[in-house]
Amino acid sequence: MAINWIKRVFVLATILAVVLLLPFIASAAPEAVDFSKSAIVAEEINLTPQHRQQLQAVRQRRNRDIQAMLDSSQRTELAKTLHAGNSFNQALESLDLQPDQQEMLKAIVQISNLKMKAISARFLHN
């Protein structure tokens, strides 16, 4: 139980460090995040089950990190919007995020995309 808490704190601290140390990630007026442009879709390339599982794990971690940065009312609104049939990206765009939350969201998505690209690159080189 304590290990999971430590992992979450470590991930959030890492994300915060990225935001603080790389100012080009965080901008004064963040753009909307579009998962479809940079996320790797497992169906587009012939991935092994192991690589699909690794990509799914990255996406699940990304979603947990995003949930963790939202307050309870934002999580409720996100759940309602997703339940209404909207995509994850559309649901996030509908939330009234604070500027620091927008910066954190961009950092989480960029880190996740880098991880997914690394997994895909390992697959392509095998």
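Each value in this text was obtained by applying a stated rule to the coordinates, not by laboratory testing. Keep in mind the model is a prediction, meaning the values are calculated, not measured. Cβ atoms come from the backbone with ideal geometry, glycine included; neighbour counts cover every protein chain shown.
Quick notes
- Spacing of the two label points (7 Å from each Cα toward its C-beta) at PHE10 and ARG122, in nm: 1.6 nm
- Note on ARG64, ARG75: ascending count of other Cβ atoms within 10 Å places them as ARG64, ARG75, the fewest first.
- When each of the peptides 98-105, 56-63 is scored by the mean number of other C-beta atoms lying within 10 Å of its residues, the order from highest to lowest reads 98-105, 56-63.
- Sorted fewest first by neighbouring Cβ atoms within 10 angstrom, ASP71, ASP65, ASP96 come out as ASP96, ASP71, ASP65.
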